[in-house]
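The values are calculated or read from the model by the stated rules, or taken from the named source; none is laboratory data. Just so it is clear, the model here is predicted, and its values are computed rather than measured. Cβ: placed from backbone, ideal geometry, glycine included. Neighbour counts: every protein chain shown.
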Amino acid sequence: MSPDHFPDPPLVVILGPTAVGKTALSLNLAKQFNGEIISADSRLFYRGMDIGTAKPTPQEQAAVRHHLVDVADPDDIWSLGKFKREVDVLVTDIHQRGMVPFLVGGTGQFVRAIVDGWVIPELPADDSLRDELNRWAEEIGAAGLYERLKVVDPEAAEKILPNNLRRTVRAFEVIFRTGRKFSDLRRTEEVPYRILQIGLNRPRPEIDRRIDLRVDQMIEAGFVAEVQQLLDQGYARELPSMSALGYRQVAAYLAGECSLEEAVEEMKKVTRKFYRRQMTWFKLSDETIHWFDLSRQSEEEIIQLLEKFLSR
C-alpha cells in the first residue's frame, strides 16, 4: 500500500483499561491490516521494566513493528509534550511508508492528547522553583500537595493520580510561573488525520479476575528478580517510573517492609483502583469511541468496523 492510498490519513486507536486484552487484539489487527503499533502506555517506555508492565514480548515485537517501547532508561522523564511530538512524527512516517498506524494503550492523558489535538505549552523547567515545590511536598506530603492542587485547580487535579508527585509539582510550577490554572493552558488544534477509536471493556468482575491472574503470572515469571535488578542498577524506588503498578510494592517487600504475600495483595488492590481511574478518561458514554465488550462480542465485529473505516 502506497501513501497515495491515504488522501485522508487514518489513525486507529485501541484503548481500554488494564488487563482487558489490548495487546493481543492490536497484534492481530496490525498483522491483518498492514499496521505498526505506537505505544500509548507510559510504562512501556522504560528499558528493563518488562514483566511488571506486561510489555509485548520480543516475539510479539518482531511480528509487528512497535514504536515508543524501550526508548528510555528508568530515570529518564518522558513528558506529555515529548510524547505528543514523537507520535506526530511517527504517524507521518508510518503513513509515508504506506502502513497503518495503531495507537495502543491505556494511559488516558496520552491518548486524549493525540485524539483531541492538545497543544502542550512549551514551558522550560525551572529547577529552583521545582526544588522549592519538592521541599514543600516533603513537608506536607505528596497527598497534602495534591489536596492543595484540588483547591487551586480541581480540573487539573481530576486528571492526575494522587500519588503522581511529579505531575502535581509540574502543575504547580506552571501555575506559579504563568499565574494561570494549569488546566486553562490546554488548548487544541485540528487533528491532521481521521481517527477510529476502538474501546475494549469487560464486566468488572471479569476484569478483577484477569488482574489477579496477571499479577500471579508476573510473580511466577520473575517480577521480584526484575525489581531487584533495577534496584541493583541504582534506580531508586522513588523514581516516577518506579511508581508503575507493582514496582513499589515489590520494592517494599525487598526492603523487608512487608511479606511477599502482602505485596502481591497490595499490587492487586492498587491495580483495581487504577482500573477505576482509567475509566474516568475512557467514558462508556463517549460517542466518539466504538466500545466492544470482549466477554460477549467477537473480534470479527471489530474487523468489520476496521475494514469499513479503512476503505473510506
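Before we move on, is residue 40 under 28 Å from residue 236 (Cα atoms), buried (at least 20 other Cβ atoms within 10 Å of the Cβ) and either acidic (Asp, Glu) or in contact with a strand residue (DSSP E or B) (Cβ under 7 Å, 6 or more places away or on another chain) (or both)?
Spelling it out, residue 40 is indeed under 28 Å from residue 236 (Cα atoms), buried (at least 20 other Cβ atoms within 10 Å of the Cβ) and either acidic (Asp, Glu) or in contact with a strand residue (DSSP E or B) (Cβ under 7 Å, 6 or more places away or on another chain) (or both).
Return the pair list, or none, for Cβ contacts closer than 7 Å from residues in the stretch 133-151 that are in the same structural domain as residue 175 (by TED's automatic domain parsing) to residues that are surrounded by fewer than 17 Cβ atoms within 10 Å (Cβ to Cβ) and not in a helix (DSSP H, G or I), at least 6 apart or on different chains.
Here the result reads 142/163; 143/162; 146/162, each pair linking the stretch 133-151 to a residue that is surrounded by fewer than 17 Cβ atoms within 10 Å (Cβ to Cβ) and not in a helix (DSSP H, G or I).
Among the listed residues 193, 247, which satisfies the condition of being crowded, with 19+ Cβ neighbours inside 10 Å and among the aromatic types (Phe, Trp, Tyr)?
Details: 193 fails: crowded, with 19+ Cβ neighbours inside 10 Å.
Step by step, each of 193, 247 is checked, and only 247 is crowded, with 19+ Cβ neighbours inside 10 Å and among the aromatic types (Phe, Trp, Tyr).
From the list 25, 80, which one is more than 19 Å from residue 210 (Cβ to Cβ) and touching a helix residue (DSSP H, G or I) at 6+ places or on another chain (Cβ under 8 Å)?
Residue meeting the stated conditions: 80.
Which of the residues that make up the stretch 149-181 are among the basic types (Lys, Arg) and not in a helix (DSSP H, G or I)?
159, 180, 181
With the stretch 47-135 as the region, which helices (runs of 4 or more DSSP H) entirely inside it contain at least 3 residues that are touching a Pro at 6+ places or on another chain (Cβ under 7 Å)?
Counting at least 3 such residues, we get 80-96.
Among 208, 184, which is the only one that is at pLDDT below 95, surrounded by fewer than 17 Cβ atoms within 10 Å (Cβ to Cβ) and not in a loop (DSSP other than H, G, I, E, B)?
184
Condition first: among the aromatic types (Phe, Trp, Tyr), in contact with a Lys or Arg (Cβ under 9 Å, 6 or more places away or on another chain) and either more than 12 Å from residue 199 (Cα to Cα) or without any contact (Cβ under 8 Å) to a residue 24 or more places away in the chain (or both). Now tell me which residues in the stretch 264-290 satisfy that.
275
Starting from the stretch 291-309, keep only residues that are farther than 18 Å from residue 102 by Cα and assigned by TED's automatic domain parsing to the domain that holds residue 27, then list their pairs with residues that are at pLDDT below 95 and among the charged types (D, E, K, R) whose Cβ atoms are within a distance under 9 Å, requiring at least 6 positions of separation or different chains.
Filtered contacts from the stretch 291-309: no entries.
For the stretch 43-88, what are the residues that are loosely packed, with under 15 Cβ neighbours inside 10 Å and of a type in the set (Ser, Thr, Tyr)?
Passing the criteria: 57, 79.
Hey, among the residues in the stretch 26-37 that are touching a residue at least 60 places away in the same chain (Cβ under 8 Å) and surrounded by fewer than 20 Cβ atoms within 10 Å (Cβ to Cβ), which one's nearest to residue 206 (Cα to Cα)?
The extreme case among them is 28.
Answer yes if at least one residue in the stretch 70-87 is under 25 Å from residue 284 (Cα atoms), of a type in the set (A, V, I, L, M) and in contact with a Gly (Cβ under 6 Å, 6 or more places away or on another chain), and no otherwise.
There is no residue in the stretch 70-87 that is under 25 Å from residue 284 (Cα atoms), of a type in the set (A, V, I, L, M) and in contact with a Gly (Cβ under 6 Å, 6 or more places away or on another chain).
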